[in-house]
Structures are given as structure tokens and as C-alpha cells.
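Reviewing the structure listed below.
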Amino acid sequence: MIDGDSLWSIAAHHLAASHPEAPVSDREVARYWVQVVGLNRASLTSKNPDMIFPGEVIILPPVDG
């Protein structure tokens, strides 16, 4: 995580790195973001997926395809 990261930006960067051959749409990020939130909401200090803190460990689900 870097300063200013969010679960959305982490999901978008991870998807883009997993599919470097084509741009990733907001729709694809949204579907993946829902999975990321589902895996991490309970472990977030704030319990709010829009607020993550430095040092929190984020679990990323496998990327399909």
C-alpha cells in the first residue's frame, strides 16, 4: 500500500498487472472490488472499505482469466 491507496485503486492496479495486454474497464474493477471488499471488510480496522490505514494487510482474490 502507498499513501492515498484505496481498495478500489488496489483492485484496479492488481487487475491491470494481471492483464497487461488490454485496458481494464471500470466495470471489471467494480466486479473485482466487490470480491476484495468481501474478503477484507471484517479485518479492516475501520470496518469501512473506503478507509484503510497504513500497515493493514489486504487479501486479493485470484483474478479470473
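Nothing in this text is a laboratory measurement; each read-out follows from the coordinates by a stated rule. It should be emphasised that the depicted structure is a prediction, and the values quoted were computed from it without experimental measurement. With ideal geometry, Cβ positions are generated from the backbone for all residues, glycine too; neighbour counts draw on all protein chains shown.
List of remarks:
- In sequence order, calculated HN-Hα J values of the range 13-25 (Karplus, 6.51, -1.76, 1.60; Hz; x Gly/Pro): 5, 5, 4, 4, 5, 7, 10, x, 7, 8, x, 9, 7
- Fully extended contour minus Cα-Cα distance, from Glu56 to Ser9, at 0.36 nm per residue: 15.4 nm
- Nitroxide proxy distance, nm - points 7 Å out along Cα→Cβ at Arg27 and Thr45: 3.8 nm
- The string of couplings for the range 39-45 from the Karplus curve (6.51, -1.76, 1.60, θ = phi - 60°) is 6, 10, 3, 5, 8, 6, 4 Hz, one whole number per residue in order, with x for Gly and Pro.
- Burial order of peptide ranges 37-46, 54-63 (average beta-carbon count within 10 Å, highest first): 37-46, 54-63
- Computed helical MRE - 222 nm, the chain, DSSP H runs ≥ 4 contributing -39500 (n - 2.57), nearest 500: -13500 deg cm²/dmol
- Share of alpha-carbon pairs per 5 Å distance bin for the chain, given as whole %: 3, 19, 31, 24, 15, 6, 2, 0
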